[in-house]
Amino acid sequence: MIMNDTLTSDVIGRRVSVNGECATVRFYGTVPPVAGLWLGVEWDNPERGKHDGSHGGTVYFKCSHPTGGSFIRPHKANFGVDFLTALRDRYEDEPEDDAKKQIVTIGNIPVETIGFGSVIKKQSQLSELRDISLRSCAVSCSGDKGDIASTCPNIRVVNLSQNLLSAWEEVTDIAEQLRHLEVLDLSENKLRFPLGSPAPVGTFAALKVLVLNRTGVTWAEVLHCAQGWPALEELYLKSNNISISERPADVLQLVRLLDLSSNQSIDENQLFLIAYLPRLERLILGDIGISSLHFPDAGVGCKTAMFPSLQSLVLDDNRISQWSVINELDKLQSLHSLSCLRNPLTVGSEAKTHLQFIIAKIGQLRTLNRCEIRPEERRGAELDYRKAFGKEWKEAGGHQDPDQDRPSEAFLAAHPRYQALCRKYGAPEDGELKTQQPFLLKNQLLTLKINCPDRPDQKALEKQLPDSMTIQKVKGLLSRLLKVPVSDLLLAYESPKMPGREIELENDQQSLQFYSVENGDCLLVRW
């Protein structure tokens, strides 16, 4: 809908599109000495603008960015269309031959968007539509009251991202006509949220997933509107410059997933305000600038009462450089999955070693940086960690004799799980605490026994192998010794420290060191 030059002042605050660029109307009137009416707009992309709302020394409107504003003629502004007009344009009028199927994801739910041909074939009537995407369709309002409910009452998933909706009331006018609405994406609509009463009871009764990324919503507005989201399970609030200002009281109590990423104003103290959401299982805190974390209710080696249901935590792209943060994460009683990519602690030359230390420090972790932690990897990481800090442990008062084992409080604070690892694998022996000389080959050789448990007639062997030798090369050596094709060989090993337990060597590209194979261990060969 392109407007002419006869507008009224109620256009202030409306969203418009101009040649594909979105903006908010901040001014309507004359701008002397040029004749005629003008719209003063603040662009979503400040590089599109020319000034801050001033002209000739007069301030006509204000922008959040010094180059975010422009004056345009009203006839150049597209004020958008109603919901049903956009729906018909996308799902009825598209020629079937030109249709292309695309999939977008709203929250965790894939939605078929412009698969117009296939959609038309499967859902010939608008009343049969279930999942729709009207992304970037210039939707600005609901249209005539009741028309949506009578035309497409069965819609459950709606993508309204990057449209021209300017107020939450326009959203509720649409939603109250979609009684089965479960998933709603409103990303990149610059919305004004109500200060008065929330939406009428029942408007969002079925809503489970709500995406409000880049909408400008505040935390207080979220809590105010959340009174009308009684069934909400997933809430996405990325890039809103949010500060968590108060604890949710009687709202968001069913939320399982909360995305607060790219809100740089959030700090660890604010996180405590959401720490008692009873159902919260997944928390996304990527790119919030956090560098420290401490749960004051739990001492060393204890579990916190905060975030009682939290199973998955995303801390990518932050400023974490201290091991104390990782120690604190072990206090989370339900944490199974952690992603901490692109933090100072997990980049650089020591990144691989540090990831192993993270595994050792968080005992219940099953997934790190979206990769499964296999049992043999955990065992290797914990043994390496135990060995790496064994000398420090002994100097701090640690001892192989439990009656004399009294490491200092400072050591235990820095290594809260060390004592548990000693109980699991035994205290490090003096031979393990000697400083290695990594450049001498003799210090890298392992003396290993080689047994074939399924071939009692096969004589046991003993070989010295470099700890850096890959499983593939070990198989090659054994193939030549035993006259067996490499492809038929299956390897495992057992350690005197854990008698009766076999550890499979299943990844040909990994080294003996990766699996924490040590002097005196026994390779088990089967074919």
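The values are calculated or read from the model by the stated rules, or taken from the named source; none is laboratory data. Only a predicted model underlies this, so the values are computations on that prediction, with no experimental measurement involved. Every residue, glycine among them, receives a Cβ derived from its backbone with ideal geometry; neighbour counts consider all protein chains shown. Protein only, heavy atoms only, side chains kept; ligands, DNA and RNA dropped before computing areas. Shrake-Rupley method; radii C 1.70, N 1.55, O 1.52, S 1.80 Å.
Averaging sequence separations of C-alpha pairs under 8 Å and six or more residues apart, then dividing by the length of the chain, give the relative contact order as a whole percent.
Normalised by residue count, the contact order of the chain is 6 percent.
Per residue Cα convex hull volume for the range 266-406, in cubic angstrom?
Per residue, the Cα convex hull of the range 266-406 comes to 122 Å³.
Cross-link partners among aspartates and glutamates for LYS387, C-alpha distance below 15 Å, same-chain residues fewer than 8 apart left out?
GLU395, GLU429, ASP430, GLU432, GLU518
Could you please state how large a percent of the accessible area of the range 235-384 is carbon and sulfur, counting protein chains only and using a 1.4 Å probe?
Ligands and nucleic acids excluded, carbon and sulfur reach 48 percent.
With the dipole of the range 472-527 worked out from charges on the C-beta (+1 for Lys and Arg, -1 for Asp and Glu) around the Cα centre, which of LEU512, LEU477, LEU491 lies farthest toward the positive end?
Going by the Cα projections, it comes out as LEU477.
Hey, got the dipole for the range 262-393? About the Cα centre, +1 on K and R Cβ, -1 on D and E Cβ, debye to the nearest 20?
360
In nm², what is the average projected area of the convex hull enclosing the Cα atoms of the range 186-291?
Averaging across all directions leaves 6.2 nm² for the Cα convex hull.
Checking the table LYS394/LYS463; LYS361/LYS394; LYS352/LYS463 against a 23 Å threshold on Cα-Cα, which pairs fail?
Violating the 23 Å limit, Cα to Cα: LYS394/LYS463; LYS352/LYS463.
Sequence gap at least 6, Cα distance under 8 Å: using those rules, report the relative contact order of the range 194-251 to the nearest whole percent.
Taking the mean separation of contacting Cα pairs over the length of the range 194-251, I get 43 percent.
Considering the Cα positions of the chain, please state its Rg to one decimal place and its Dmax as a whole number of Å.
Answer for the chain, Rg first and Dmax second: 31.2, 105 Å.
How high is the relative contact order of the range 382-496, in percent, with contacts defined as C-alpha pairs under 8 Å that are six or more residues apart?
16
So which aspartates and glutamates pass the test for LYS303, namely a Cα distance under 15 Å, with those fewer than 8 places away in the same chain ruled out?
By straight Cα distance, LYS303 reaches GLU328, ASP330.
Nearest 0.05, what FRET efficiency do ASP457 and GLN125 give at R0 = 56 Å with Cβ-Cβ as r?
Efficiency, rounded to the nearest 0.05: 0.15.
Would you mind working out the magnitude of the charge dipole of the chain relative to its Cα centre, with +1 at each Lys and Arg C-beta and -1 at each Asp and Glu C-beta, to the nearest 20 Debye? Intermediate results must be reported in sequence, preceding the final value.
Values: 60 positive and 69 negative charges, 219 e Å.
Charge dipole of the chain: 1060 debye, to the nearest 20.
Under 11 Å from the Cβ of ARG374, count the other residues' Cβ atoms, weight Lys and Arg +1, Asp and Glu -1, and hand me the total.
Net charge around ARG374: -2.
Give me the extension gain from SER309 to LYS424: residue separation times 0.36 nm, minus the current Cα-Cα distance, reported in nm with one decimal.
Details: separation 115, 0.36 × 115 = 41.40 nm, distance 2.67 nm.
Between SER309 and LYS424, full extension yields 38.7 nm more.
Add +1 for every Lys or Arg and -1 for every Asp or Glu among the other residues with Cβ under 12 Å from the Cβ of TYR60, and state the total.
Result for the local shell: 0.
For the range 174-277, with only Lys/Arg (+1) and Asp/Glu (-1) charged at the beta-carbon, what is the dipole magnitude about the Cα centre, in debye rounded to 20?
The calculation lands at about 180 debye.
Among the aspartates and glutamates, which fall within straight-line cross-link reach of LYS483, defined as a Cα-Cα distance under 13 Å, with same-chain neighbours fewer than 8 residues apart omitted?
Qualifying aspartates and glutamates at Cα under 13 Å: none.
In Å², what does the accessible area per residue of the chain work out to with a 1.4 Å probe?
I get 48 Å² per residue for the chain.
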